[in-house]
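K.L.:
Below is a structure I'd like to ask you about.
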Amino acid sequence: MALLKIIKHPDPKLRKKAAAVTEITPELLTLADDMLETMYAAPGIGLAATQIGRQLSLVVIDISEEKDQPLTLINPLITKLSSGVVVNEEGCLSVPGIYEEVERAESVTLNYTNSEGEEIELETDGVLAICIQHELEHLDGKLFVDHLSRLKQERIRKKLLKQQKESM
Ligand code: K1U
Ligand code: ZN
């Protein structure tokens with residue numbers, strides 16, 4: 001297993017769209033394991049392949065307290081979003097130190113392939129539904145800060161660029 005480098009906003013690689021996974025290979029499963037290890041170490045509750053510079057439709061999530069319920073989502077697709085919404089504070093490993101409120105659908109229905117190659121349909125709400133929406137936006141080249149006002153987005157972009165310069 002290996003720890004991977006998480007790309008930070010405003011790196012343009014975070015704006016690339018993911019391509020579908022066409023085959024579940026041993027390399028893909030190793031990548032998913034490395035993403036899980038990277039997510040646990042960060043620490044975080046989700047990680048999309050886009051965040052480690054891979055344009056692949058692959059996401060890992062674990063919202064459990066004990067960090068023992070990993071989910072590997074291959075080619076995930078939201079097929080239903082509830083009309084009911086919730087507002088929650090979100091963070092992102094690619095936007096370190098920034099936490100802002102974002103409105104999301106309260107529940108989602110998701111289709112994905114798991115690491116065993118099985119097609120799964122999952123209906124969920126709560127933190128998992130929020131995390132799924134956040135991670136699938138990464139696969140589309142979108143970040144949670146895109147939901148904020150232009151003024152807030154610009155402040156965040158400048159703050160992160162300053163942090164990155166200072167850490168060089
Ligand atoms: O996509 C990411 O960068 C991961 C992100 C997922 C996420 C968090 C909050 C709302 C929606 C999606 C994170 O994991 S940020 C870190 C975090 O939330 C956390 C870290 C440790 C324990 C619990 C939560
Ligand atoms: Zn994120």
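K.L.:
Is it the case that the stretch 87-97 has a residue that's charged (D, E, K, R) and in contact with a His (Cβ under 7 Å, 6 or more places away or on another chain)? Don't jump to the end; show me each part of the working.
P.N.:
Keep residues of the stretch 87-97 that are charged (D, E, K, R), which gives 89-90.
Remaining after also requiring in contact with a His (Cβ under 7 Å, 6 or more places away or on another chain): 90.
For the stretch 87-97, residues charged (D, E, K, R) and in contact with a His (Cβ under 7 Å, 6 or more places away or on another chain): present.
K.L.:
Ok, one more. Identify, please: which residue in the stretch 47-65 is within 25 Å of H9 (Cα to Cα) and open to solvent by 20 Å² or more (accessible area, probe 1.4 Å) and is, among those, nearest to ligand 1 (Cβ to nearest atom)?
P.N.:
Per the criteria, the residue is I63.
K.L.:
Scan S94, S107 and give me the residue that is within 16 Å of ligand 2 (Cβ to nearest atom), closer than 18 Å to I132 by Cα, surrounded by 15 or more Cβ atoms within 10 Å (Cβ to Cβ) and among the hydroxyl-bearing types (S, T, Y). Break it down into steps so the answer makes sense when it comes.
P.N.:
Values: S107 fails: within 16 Å of ligand 2 (Cβ to nearest atom).
Of S94, S107, the one residue that is within 16 Å of ligand 2 (Cβ to nearest atom), closer than 18 Å to I132 by Cα, surrounded by 15 or more Cβ atoms within 10 Å (Cβ to Cβ) and among the hydroxyl-bearing types (S, T, Y) is S94.
K.L.:
Please specify each residue of the stretch 120-141 satisfying the condition of being more than 11 Å from ligand 1 (Cβ to nearest atom) and either open to solvent by 80 Å² or more (accessible area, probe 1.4 Å) or touching a Lys or Arg at 6+ places or on another chain (Cβ under 7 Å) (or both).
P.N.:
Scanning the stretch 120-141 gives E121, E123, D125, D140, G141.
K.L.:
Another question, if that's okay. Given the conditions (1) within 14 Å of ligand 2 (Cβ to nearest atom); (2) surrounded by fewer than 17 Cβ atoms within 10 Å (Cβ to Cβ); (3) in a loop (DSSP other than H, G, I, E, B), and given that D68 satisfies all but one, which numbered condition is not satisfied?
P.N.:
Failing condition for D68: (1).
K.L.:
Just checking: which of the strands (runs of 3 or more DSSP E) contained wholly in the stretch 89-168 hold 3 or more residues that are within 19 Å of T72 (Cα to Cα) and among the hydroxyl-bearing types (S, T, Y)?
P.N.:
Output list reads 107-113.
K.L.:
Kindly check whether there is at least one residue in the stretch 77-86 that is in a strand (DSSP E or B) and under 29 Å from Q163 (Cα atoms). Please lay out each step first, then the result.
P.N.:
Our first condition is that a residue be in a strand (DSSP E or B); within the stretch 77-86, this holds for 77-81, 85-86.
With the extra rule that they be under 29 Å from Q163 (Cα atoms), the set shrinks to none.
The answer is no; no qualifying residue exists.
K.L.:
Now for a different question. Which of the residues that make up the stretch 1-20 are hydrophobic (A, V, I, L, M, F, W, C), farther than 15 Å from C92 by Cβ and out of contact with any Leu (no Cβ under 6 Å at 6 or more places or on another chain)? Outline the logic, then answer.
P.N.:
Going residue by residue through the stretch 1-20, those that are hydrophobic (A, V, I, L, M, F, W, C) are 1-4, 6-7, 14, 18-20.
Among the residues that remain, those that are also farther than 15 Å from C92 by Cβ are: 1-4, 18-20.
Listed by number, the residues that qualify are M1, A2, L3, L4, A19, A20.
The values are calculated or read from the model by the stated rules, or taken from the named source; none is laboratory data. Since this is a predicted model, take the numbers as computed values, not measurements. Reconstructed Cβ throughout: ideal geometry from the backbone, glycine too, with neighbour counts over all protein chains shown. Surface accessibility is based on the protein's heavy atoms, side chains included, excluding ligands, DNA and RNA. Shrake-Rupley method; radii C 1.70, N 1.55, O 1.52, S 1.80 Å.
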